[in-house]
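The values are calculated or read from the model by the stated rules, or taken from the named source; none is laboratory data. All values reported here derive from a predicted model rather than from experimental measurement. A quick note on method: Cβ atoms are made from the backbone with ideal geometry, for glycine too, and the neighbour counts reach across all protein chains shown. Surface accessibility is based on the protein's heavy atoms, side chains included, excluding ligands, DNA and RNA. Shrake-Rupley method; radii C 1.70, N 1.55, O 1.52, S 1.80 Å.
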Amino acid sequence: MSAAEPSDVFAEIGTERLVQLVAAFYRQIPTDDVLGPLYPPEDLQGAEERLRDFLLFRVGGHPRYLETRGHPRLRMRHAPFRISKKERDRWVDLMDVALTSLDSPPHATEVLRRFLHETATFLINTPD
Ligand code: HEM
C-alpha cells in the first residue's frame, strides 16, 4: 500500500470482496458497545459507502471517493470523534473479523490488514 509495498491488493482482492469486507464490518457496528454510539444510526448506509469508496480508491480501484468527497484528510474528518486506543483497538477487532470472513489471497489480505491497522493507529486523537 505504501511505496515500499507490492500494490497487489486491488488486483488480488478486487471490488466485490472489498464491498463485502466493508459490509461485514458495518454489520457489526449497530450492536457494538464501543463503536455503535459513534456512528450516525440514520445514515449507516452512507457511512458504509464512504468507507467502501475510500478503500476502493486507496488501493487503486474506482476514484469515486475523490470525486464525491475530495481529498480524504482522515485525521481532520475523524477529529469530531473521541478516538483513544480503546476505540482504535475495537475498530481493528471488527475489521479483523470482517477480513477473516473474506476468503481472499493471504498476501494481499495481510498487506491490506497492515494498512488498516496502521491507519487506525494514526487516527488516535485522545489519550486513554
Ligand atoms: C481508529 C478507529 C476509527 C474510528 C473510531 C472511526 C470512526 C469513524 C466515524 C464515527 C465516522 C463517521 C461515519 C460517517 O461517515 O458518517 C468515520 C468516517 C470515516 N472513516 Fe473512520 N474510524 C476509525 C478508523 C478508520 C480507518 C482506519 C479508516 C481508513 C482506513 C477510516 C476511514 C473512514 C472514512 C473514509 C470515513 C468517511 C469520511 C468522509 O468522507 O466523511 N476510519 N469513521
Failed criterion for Gln45 (all others in (1) more than 8 Å from the ligand (Cβ to nearest atom); (2) within 16 Å of Leu116 (Cβ to Cβ) hold): (2)
Residues that are free of Cβ contacts under 8 Å to residues at least 40 places away in the same chain and assigned to a helix (DSSP H, G or I), drawn from segment 24-35: Tyr26, Arg27
How many residues are near the ligand (Cβ under 10 Å from one of its atoms), open to solvent by 50 Å² or more (accessible area, probe 1.4 Å) and not hydroxyl-bearing (Ser, Thr, Tyr) if we restrict to segment 56-70? 3
Regarding segment 81-91, can at least one residue be identified that is touching a Lys or Arg at 6+ places or on another chain (Cβ under 7 Å) and at negative phi? no
Per the list (1) acidic (Asp, Glu); (2) open to solvent by 80 Å² or more (accessible area, probe 1.4 Å); (3) near the ligand (Cβ under 9 Å from one of its atoms), residue check on Asp53 breaks on (2)
From the residues in segment 71-87 that are aliphatic (A, V, I, L, M) and in a loop (DSSP other than H, G, I, E, B), which one is surrounded by the most Cβ atoms within 10 Å (Cβ to Cβ)? Ile83
